[in-house]
Amino acid sequence: MTSDENLGLPHRPPFVFVRQLIACEPGVSAECQTQFASDDPMFAGHFPGDPLVPGVILTEALAQTAGIAAASAHPETSRPRFLLSAIRQMKFFRAVRPGEKIILRARKIATVGELLQFEVEALIDDQPVASGQIVLSASGKDH
């Protein structure tokens, strides 16, 4: 994903973790892909000689996927900014390594006022590596 293809995300490099949009049902769901390069600076410290994608970064990639789904329901010129409000029941089933292709999925399961709750999962080779729930809150216009 290039900087002009932000898919509705207010993020910019180096804090964009979604690399490609695969599918999107506006306001309902999104499926994206990401991959982390072995020379990414975070791997110098997590962990030297045995690099692993930090769970918080994988969770953020899932939150960005949910944000893409949420933002896609709004016109680009009047899109709210969706902020991470809660992480629920997040579980990690195995370590994720640099170079692995990760599929990120988010599906909205509830809306309460300005809060949107998404079921999220990350998969590698069709096997879940993480799953949980992400709650986003709408916070004004993204300009």
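The values are calculated or read from the model by the stated rules, or taken from the named source; none is laboratory data. Nothing here was measured: the structure is a model prediction, and the numbers come from that model. Note that we place each Cβ from the backbone using ideal geometry, even for glycine, and neighbour counts take in every protein chain shown. We work out accessible area using only protein heavy atoms, side chains counted, and drop any ligands, DNA or RNA first. Shrake-Rupley method; radii C 1.70, N 1.55, O 1.52, S 1.80 Å.
Go through the range 113-126 and give me each residue that's more than 14 Å from the chain's Cα centre (by Cα), more than 15 Å from residue 32 (Cα to Cα) and at pLDDT 95 or above.
Those that are more than 14 Å from the chain's Cα centre (by Cα), more than 15 Å from residue 32 (Cα to Cα) and at pLDDT 95 or above: 115, 116.
Looking only at the range 108-136, count how many residues are surrounded by 16 or more Cβ atoms within 10 Å (Cβ to Cβ) and under 17 Å from residue 61 (Cβ atoms).
Adding up the residues that qualify gives 15.
Taking the residues in the range 85-107 that are among the charged types (D, E, K, R) and closer than 30 Å to residue 39 by Cβ as candidates, determine which candidate is surrounded by the most Cβ atoms within 10 Å (Cβ to Cβ).
Ranking the candidates gives 105 first.
Anything in the range 22-59 that is under 18 Å from residue 116 (Cβ atoms) and open to solvent by 30 Å² or more (accessible area, probe 1.4 Å)? List them, or say none.
Correct list: 24, 25, 26, 28, 31.
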